[in-house]
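> Structure incoming, see below.
The values are calculated or read from the model by the stated rules, or taken from the named source; none is laboratory data. The structure displayed is predicted, hence computed values, not measured ones. Cβ atoms come from the backbone with ideal geometry, glycine included; neighbour counts cover every protein chain shown. With ligands, DNA and RNA removed, areas are computed over all heavy atoms of the protein, side chains included. Shrake-Rupley method; radii C 1.70, N 1.55, O 1.52, S 1.80 Å.
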Amino acid sequence: MARRSAPLLRRLVSSAPPAPLPGHGGGARRTVTYMPRPGDGTPRAITLIPGDGIGPLVTGAVRQVMEAMHAPVYFETYDVHGDMPAVPPAVVESIRRNKVCIKGGLATPVGGGVSSLNMQLRKELDLYASLVHCSNMPGLPTRHQDVDIVVIRENTEGEYSGLEHEVVPGVVESLKVRRLSLLFVVPEKKILSVQLYVLFRLSFKAAILVHVITKFCSERIAKYAFEYAYLNNRKKVTAVHKANIMKLADGLFLESCREVASKYPGIQYNEIIVDNCCMQLVAKPEQFDVMVTPNLYGNLVANTAAGIVGGTGVMPGGNVGQDHAVFEQGASAGNVGNENIVEQQKANPVALLLSSAMMLRHLQFPSFADRLETAVKRVIAEGQFRTKDLGGTSTTQEVTDAVIANLD
């Protein structure tokens, strides 16, 4: 009897489900992902800029979700608008002190008016890297599947200085100022840091486009892109350029990328001309992984990639430098919205909610980030609460309430 029963017992044991871990009641297992240091749970101050247009709606959604999660953050709110002549010094000081900011869109006048406050913030805080994560969201139908692209864009040079004036009617003079940091060794072996300002000036009988690239900025954005790929188990970095025409400027950018790539043999590196890149993005976007670009190309590539996977309303992003980080909607198109959306209170808060999840990871609060991201993706997948840009009719508040209801 014992001999006949043994094979049966072995089959039953081998097919039985594993016993639940003590205290888990048979539910999902928790894995050890993060061991905080003493004091890591201390609430962190975050500078909050609601901004223009839909900004107050979507930043209000972030505040509500953070309060519902009891996230260890609190906000210092500042009223900033795109038509101001400059970012108020108190705002810059708050970001310097807190190290982290989350903001809504700031409207930039087109064809006149004041310069972009977004650019002022990036230059003042040296936020040299812009990161936009463009990926498919479960349950959101798109033309392409398996898209998971991270666009890393140089944020401080290129075509975005905006220093220009009209000399005489029909002649526009565009001034591009770039900062280079040099180190000199003096006889006493002390090292002095000297900042040189290089002036580039061109005049034509039309508006012009000036493209300025420096070795210093190209190297550090390339290093950031490869470091990001290495830390996030990404397999490929693609440099976007126009070196077939701008052989010196974009050639310098490529040279810097190649030098950095040689230090990461485990990561595949390739290059693509920007016009071919745009065509490939809309034809076969799944071929891209991490993309590193100069300033203007990155803006175009990020917005194109966002359109492929659901629109700018679902794309998170941020800007980071050595000491500070500013999180906002990833793609710039539509980040202020229009009057109808504001009046109807139907702005899509998903992009900024996901950006705030990025912020929580940046602050080393990973479990809160996971909870928030999971809740947002669950709401999108269920499809009951979506704003107009995603094919629904929900208001900002309805989407926010649904996210809060799905928080674990």
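> Residue-wise, which Karplus ³J(HN,Hα) couplings in Hz belong to the stretch 320-332, taking 6.51 cos²θ - 1.76 cosθ + 1.60, θ = phi - 60°, and x for glycine or proline?
3J(HN,Hα) across the stretch 320-332, in whole Hz: 9, x, 5, 10, 9, 9, 10, 9, 7, 4, x, 9, 6.
> Express the carbon and sulfur contribution to the solvent-accessible surface of the stretch 84-132 as a percent, rounded to the nearest whole number, probe 1.4 angstrom.
Roughly 60 percent, rounded to a whole number.
> For the stretch 243-390, place one equal point scatterer on every Cα, skip the solvent, and apply the Debye formula. What is log10 of I(q)/I(0) at q = 0.13, 0.14 Å⁻¹?
-0.76, -0.87
> Go through the stretch 266-271 residue by residue and turn each phi into a ³J(HN,Hα) via Karplus (6.51, -1.76, 1.60, θ = phi - 60°); whole Hz please, and just put x for glycine and proline.
x, 10, 5, 10, 9, 10
> Taking amide hydrogens as modeled 1.01 Å from N in the peptide plane, which residues meet the under 5 Å criterion relative to VAL80, leaving out close sequence neighbours?
GLY51
> For the stretch 307-317, take each phi angle, set θ = phi - 60°, evaluate the Karplus expression 6.51 cos²θ - 1.76 cosθ + 1.60, and give the result in whole Hz per residue in order, putting x for glycine and proline.
With coefficients 6.51, -1.76 and 1.60, one gets x, 6, 10, x, x, 5, x, 10, 9, x, x Hz.
> A follow-up question, please. Net charge near GLU67: determine it from the other residues with C-beta under 14 Å of the C-beta of GLU67, scoring Lys and Arg +1 and Asp and Glu -1.
Net charge around GLU67: +1.
> Moving on. At 1.4 Å probe size, put LYS235, LYS346, LYS99 in order of accessible surface, largest to smallest.
From most exposed to least exposed: LYS235, LYS99, LYS346.
> Under the √(5λ) rule applied to the eigenvalues of the Cα gyration tensor, what semi-axes describe the equivalent ellipsoid of the stretch 308-400? Give them in Å, descending.
After scaling each eigenvalue by five and taking roots: 23, 16, 10 Å.
> Of all the accessible heavy-atom surface of the stretch 230-330, with the other protein chains kept in place and a 1.4 Å probe, what percent is carbon and sulfur?
Here it works out to 55 percent.
> Considering amide H positions built from the backbone, and no H for Pro or chain starts, which residues 5 or more places from ILE267, or on another chain, come under 5 Å of its amide H?
For ILE267, whose amide H was placed from the backbone, there are no distant partners under 5 Å.
> Under 5 Å between amide hydrogens, which residues at least 5 positions from PHE327 or on another chain qualify, with H placed 1.01 Å from N in the peptide plane?
Amide H neighbours of PHE327, under 5 Å, 5+ apart: CYS101, ILE102, LYS103, ASN319.
> Keeping all protein chains in place and using 1.4 angstrom, which order do ARG371, ARG220 fall into by accessible surface area, from largest down?
Largest accessible area first, the list is ARG371, ARG220.
> Along the principal axes of its C-alpha atoms, what lengths does the stretch 267-346 span, in descending order and rounded to whole Å?
Between the extreme Cα coordinates on each principal axis of the stretch 267-346 lie 46, 37, 19 Å.
> Pairs to check: LYS99/LYS263; LYS123/LYS223; LYS99/LYS123; LYS215/LYS284. Give those whose C-alpha atoms are more than 24 Å from each other in this structure.
LYS99/LYS263; LYS215/LYS284
> Using R₀ = 22 Å, calculate the FRET efficiency as 1/(1 + (r/R₀)^6) where r is the Cβ-Cβ separation of GLN364 and ARG97; round to 0.05.
Here the calculated transfer efficiency is 0.75.
> While we're looking at this one, here's another question. To the nearest 10 Å², what's THR304's accessible area with a 1.4 Å probe?
Number for this one is 40 Å².
> Could you please report the charge total around GLN268, scoring K, R as +1 and D, E as -1 over all other residues with beta-carbon less than 12 angstrom from its beta-carbon?
Net local charge, GLN268 excluded: +1.
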